[in-house]
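Here is the structure we will look at, set down as structure tokens.
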Amino acid sequence: MPDEFTGADALRIYNTGATVDGGTQPVSDDCLGNFRASNEHQGMAWELWQMFNGLAVEQISGACGPGIGYLAAVGDDQLQFTAPGEGGAGEDVTILQGERKTLQSGSTNSKYCRVYRWGNEPFKGVVPVQLSTWFNDPVGMSNILDAERAAGEDKVRCLCMKAVCPSGVDNIRAWVKPLGGPFTSDVQQLPASGTGFIETTDTTQAIDKHGFLRIEDSGGTLKEIALFTARHNSQKVEVTDAAHRGLLGTTPQAGSATDIVRPVPGIRVAYQAPTVQPDGSAYVASDENDIPPGLSWSSAITSDTGNVIGTLAADNIQYLWIRLTFPACLGSSNVAFARSLNSVGLAYQPGE
């Protein structure tokens, strides 16, 4: 049975900014390190159009994505969960009064809903669950204002991971999730330095009006990250400022017709051990622009190449920092908004 603290529920993510471990701190913009808060980070926002009496939804994983999912009764004490777009429901889960259970969607371990049953009325029918993306949460951060856009911005947020599984959590990895599919720069490529164009014959991938691009060679090795602020058509974009080359710890390089290009958020991730296990603190940022020193920032975009956090014993914690770096951009339009949908991937395995 998918009891709480097992399976995908083995690792929970919490806000930071509390003054003691487990203190209350619900404000996203105040997630600037210090101690783990009791407030759990919500993967998705949800709206229930009706609800089973005596049942509360506590968490829905970000992997479910936006759309309409379903909680369906398959017995007086049994429920199934289906995430948006999933081909089928997960297994039937028996939930008795006073129990918390994790309902998996289909065969996808990362798509789940955690519920608590406080009543004892029989389950009947189907409950639609409208899921939407959180904006301005600790991952998405606050909007880039005009003054910040003009001057450039470098800011952070911090979350805390806690192994709630009695046998701990293994192989924890974090990475930056791309915002779209890859294309090749087979028509035009950036020069070794300065401004330039990227153009493709690929018509299957939509390119936004502006945003960050991750440029890799044909073997998948990162060359550079650049910010484009002009789109000439759906297949051609322009880097209009030489200062928008070689971002996020990279350096400008001449492009190639076989380069692989992906739209990405302008973020990196890093982890930090607490001052002491299991309830120590992280670096305390004085404000969102106070970047923690001594961390290893990663812009990797897959679980295999992401930041390897490793293993956490039961009840131990690790802090996860997210850093947004946005160069000065003097264009009249606020280019920060269109591709500021930051997304971080997290993978792990319950301990054995």
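The values are calculated or read from the model by the stated rules, or taken from the named source; none is laboratory data. Just so we're clear, the structure is a prediction, and the values are computed from it rather than from any experiment. As a convention, Cβ positions derive from the backbone with ideal geometry for all residues, glycine included, and neighbour counts pool all protein chains shown.
Quick rundown of the values:
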| quantity | calculated |
| --- | --- |
| Lone qualifier among 59, 78, 97 - being surrounded by 14 or more Cβ atoms within 10 Å (Cβ to Cβ), in contact with a Lys or Arg (Cβ under 6 Å, 6 or more places away or on another chain) and under 24 Å from residue 4 (Cβ atoms) | 59 |
| Contacts under 6 angstrom Cβ, first residue in segment 245-262 being assigned by TED's automatic domain parsing to the domain that holds residue 195, partner in a strand (DSSP E or B) and of a type in the set (Asp, Glu), 6 or more apart | 246/224; 250/224; 252/224; 253/224; 260/216 |
| Filter pass, residue 69 being part of a strand (DSSP E or B) and either in contact (Cβ under 8 Å) with a residue 12 or more places away in the chain or of a type outside the set (Gly, Ala, Ser) (or both) | yes |
| Selection count, segment 128-147, where residues are of a type in the set (A, V, I, L, M), over 12 Å from residue 43 (Cβ atoms) and touching a residue at least 12 places away in the same chain (Cβ under 8 Å) | 3 |
| Looking only at segment 1-30, and only at residues there that are charged (D, E, K, R) and modelled with pLDDT of 95 or more, the one that is nearest to the chain's Cα centre (by Cα) | 12 |
| Residue that is farthest from residue 10 (Cα to Cα) [pool: residues in segment 289-332 that are surrounded by fewer than 15 Cβ atoms within 10 Å (Cβ to Cβ) and at pLDDT 95 or above] | 289 |
| Candidates 187, 127, 156, filtered to the one that is aliphatic (A, V, I, L, M) and crowded, with 22+ Cβ neighbours inside 10 Å | 156 |
| Identity of the residue in segment 31-51, surrounded by fewer than 22 Cβ atoms within 10 Å (Cβ to Cβ) and more than 18 Å from the chain's Cα centre (by Cα), that ends up nearest to residue 77 (Cα to Cα) | 51 |
| Count - residues of segment 253-293 that are charged (D, E, K, R), within 24 Å of residue 347 (Cα to Cα) and within 20 Å of the chain's Cα centre (by Cα) | 2 |
| Residues that are among the polar types (S, T, N, Q) and on the phi > 0 side of the Ramachandran plot, drawn from segment 1-51 | 34 |
| Scan of segment 274-288 for residues that are surrounded by fewer than 13 Cβ atoms within 10 Å (Cβ to Cβ) and under 10 Å from residue 32 (Cβ atoms), ordered by number | 286, 287 |
| Subset tally (residues that are hydroxyl-bearing (Ser, Thr, Tyr), at pLDDT 95 or above and over 18 Å from residue 184 (Cα atoms)) for segment 217-265 | 2 |
| Members of segment 77-108 that are hydrophobic (A, V, I, L, M, F, W, C), within 19 Å of residue 44 (Cβ to Cβ) and part of a loop (DSSP other than H, G, I, E, B) | 83, 89 |
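Each row is one residue, and each column tells you yes or no for (1) farther than 30 Å from residue 25 by Cα; (2) among the acidic types (Asp, Glu); (3) surrounded by 15 or more Cβ atoms within 10 Å (Cβ to Cβ); (4) touching a residue at least 40 places away in the same chain (Cβ under 8 Å).
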| residue | (1), (2), (3), (4) |
| --- | --- |
| 170 | no, yes, yes, yes |
| 175 | no, no, yes, yes |
| 179 | no, no, yes, yes |
| 205 | yes, no, yes, no |
